[in-house]
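The values are calculated or read from the model by the stated rules, or taken from the named source; none is laboratory data. Quick caveat: nothing in here was measured; it's all calculated off a predicted structure. Positions of Cβ are backbone-derived with ideal geometry, glycine not excepted, and every protein chain shown enters the neighbour counts.
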Amino acid sequence: MILFLRLALRNVFRNRTRTAVALLAIAAGCAALILNTGIVFNIFRELREDAIRGRYGHLQIYRQGYSQHHLEDPEHYLIPPEETQRILSLVRANARVVRATRRREFSGLASIGDRDAPFLGVGVEPEDDAEFSRHTILRAGRPLSGGDSSAVLAGLGLAQKLNGQPGDEISLMTIEGGTLNAVQVRLQGIFEGGFKEYDDWTLKVPLQVVDQLLMDGQTEQIVVLLARTEDTPQVRAELEASFQRQGLNLEIRSWNELALFHNQVVSLFGRELNVIRLIVAVIVILGIGNTIGMSIVERRVELATFRALGMRPRAVASLLMTEALITGLMGAILGVLLGIGLAVVVTKVGISYPTPPGSTRPFLGGVDIVPGAVAAAAILSVGATIIAAVFPICRAIWRPVGSALRRG
Amino acid sequence: MIRLDEIRQTYGSDRSACAALRGITLEIRQGTFTALAGPSGSGKTSLLNIIGGLDTPSAGTVSIEGRNLASLNEAEISDLRLRRIGFVFQDFNLVPVLSAVENVEFPLLFRREITTAERRSRVATMLDQVGLAGKGSRRPNELSGGERQRVALARALAGEPAIVLADEPTANLDQETGTAIIELMRSLNRQQGVTFLYASHDPQLIGLADTVLRLRDGRLDTGLAE
């Protein structure tokens, strides 16, 4: 067996120029896949982290039935203060949780001077907001802090509609149970979350102010931030089990169920990735198929001699397939090294992207080195090389031995 | 041992058809040293290829050790060649990337009943018998034409076949080396009792055979062995 492998290995390097060209083709295909996948995954990650650290957190906890019915009867799906504290205690006891905070969404009308605009209010705990807004850029003013009980932050679009600047007095009005409630607060800062629709409508308001406006002190959702995004499913399962043990009738949604824009982009680019993979595989198959075919045609007398010496067609095919496998593996290893090297360089330099659809700002991206994607590119390269070898090998082994020897 | 009955071989079809063999009937007994003589194009290679199961005849039957080749499938014919028939070619047909030892050893890899130790012992013995004991590590391009043919002969005999078919084994060698190769084959035939059938058009080399089969235009001149 060692001699068999040694022969296959030596055959691979018989025509070094041709082997170099074949390896280059496989490596280029593999590296292209690693780069393309890395770029797309980098965009996915940016979008994901924007969604998590700008809006949704990793997990959101609601009263059971909230997701399906809260639009019809929002009051019914609120969590009372004492239950909120129990939930927060349970959540914060989980070692993977970095922070958990209360939120309450509401809508109303905001006015600055003679300008007014409808807004979507997000009631937040000021001391936690910075942690949940790492992917939010503060365009003007200061972030919320624990002592700011009457300060609010407006999205860039909303601030423009109101012609507001940090320091301006802003009136907020809501209608709750048929009663008009109003409160006077100060515009402390203007933020840009990255999503135009969000920035055009959102006003971040301390929960203390929301309680004044809505007069019930209840929580709509508890938002949870984890140390690692990969832990999301496990923490969710742990919290669900914990709530069940405590008899709390709650539901949990993770970021990927809430970030619809992210999901649409992943779905779209995921399909595009598969098309690219297919194109690269076809290019490798065509390029390598020709190279392997030439190598086999040149060695037809030798292969016929093997048959004359008693090697079965299957054994000859195994030898040629082993050669293709070695070529594919070497090409894939080179491709992985090339791809990772280029990914590191490109990430260091950075790719400047224009403003994506639905977003409000351009961003500087890089190339993520994703182990699974690197392995997939290597496997695809080896697979394409093996597929490319099948046709020439079949032709070689089914050629009549006597005829192949005569034409030598 | 080898029996051919009314063997015909035609290449091409219709108008371009060319008859290489026109009804060959013969029998070669075990342990004989037989030359297949005849000018170029007389059908020597076609006959050897048919006996070795490398080509299928257009008509007629070939039996090797009592087995009709037409009744065997591709794998069985491969096995027959692997275990019972050795080949020596005019152009040596050695694998250029393997050393002399590896070239001789390679076909034995496919004989599972032969252990690694036995394989190595056989290879060493064969290279010694053909006079290449000290040159086993050399690759074909580091050997002379005569030495290459000795390696090819060792490869053909390492599997201990019953028959060795040699197609113009001396055509690419000078007279002296060619004579040495045929004499080596002759001595191996006597020592091991292997049946040799070699094609040649050199009268001097043909004269070394026990039996001569003469081919002309696809027919046997005498019909039976001389």
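Against the condition surrounded by 16 or more Cβ atoms within 10 Å (Cβ to Cβ) and either over 23 Å from residue A:65 (Cβ atoms) or at pLDDT below 95 (or both), how does residue A:282 come out, does it pass? It is false that residue A:282 is surrounded by 16 or more Cβ atoms within 10 Å (Cβ to Cβ) and either over 23 Å from residue A:65 (Cβ atoms) or at pLDDT below 95 (or both).
Within the option set B:105, B:113, B:118, B:74, being without any contact (Cβ under 8 Å) to a residue 40 or more places away in the chain and facing chain A (nearest Cβ under 10 Å) holds for one residue only, B:74. Within segment A:324-357, restricting attention to residues that are in a loop (DSSP other than H, G, I, E, B) and within 17 Å of residue A:45 (Cβ to Cβ), the residue that is modelled with the highest pLDDT is A:350. Does residue B:197 meet the test of being surrounded by 22 or more Cβ atoms within 10 Å (Cβ to Cβ), under 20 Å from residue B:99 (Cα atoms) and modelled with pLDDT of 90 or more? It is false that residue B:197 is surrounded by 22 or more Cβ atoms within 10 Å (Cβ to Cβ), under 20 Å from residue B:99 (Cα atoms) and modelled with pLDDT of 90 or more. Before we move on, is residue A:272 within 25 Å of residue B:110 (Cα to Cα), surrounded by fewer than 18 Cβ atoms within 10 Å (Cβ to Cβ) and among the charged types (D, E, K, R)? Criteria not met by residue A:272.
For segment A:29-81, taking the residues that are aliphatic (A, V, I, L, M) and assigned to a loop (DSSP other than H, G, I, E, B), the one that is surrounded by the most Cβ atoms within 10 Å (Cβ to Cβ) is identified as A:78.
Looking across segment B:121-138 at every residue that is charged (D, E, K, R) and not in a loop (DSSP other than H, G, I, E, B), the one that is farthest from the other protein chains (Cβ to nearest Cβ) is identified as B:128. For residue B:166, the criteria (1) in contact with a helix residue (DSSP H, G or I) (Cβ under 6 Å, 6 or more places away or on another chain); (2) within 23 Å of residue B:50 (Cβ to Cβ); (3) small (Gly, Ala, Ser) hold in every case but one, which is (1).
Against the definition (within 14 Å of chain B (Cβ to nearest Cβ), touching a residue at least 12 places away in the same chain (Cβ under 8 Å), of a type outside the set (Asp, Glu) and buried (at least 17 other Cβ atoms within 10 Å of the Cβ)), how does residue A:377 come out, yes or no? Answer is no for this residue.
Taking the criterion of being within 8 Å of chain B (Cβ to nearest Cβ) and polar (S, T, N, Q), the only residue of segment A:283-335 that qualifies is A:305.
Selection of segment B:91-102 for residues being under 23 Å from residue B:199 (Cα atoms) and either touching a Pro at 6+ places or on another chain (Cβ under 6 Å) or within 9 Å of chain A (Cβ to nearest Cβ) (or both) yields B:91, B:93, B:94, B:95.
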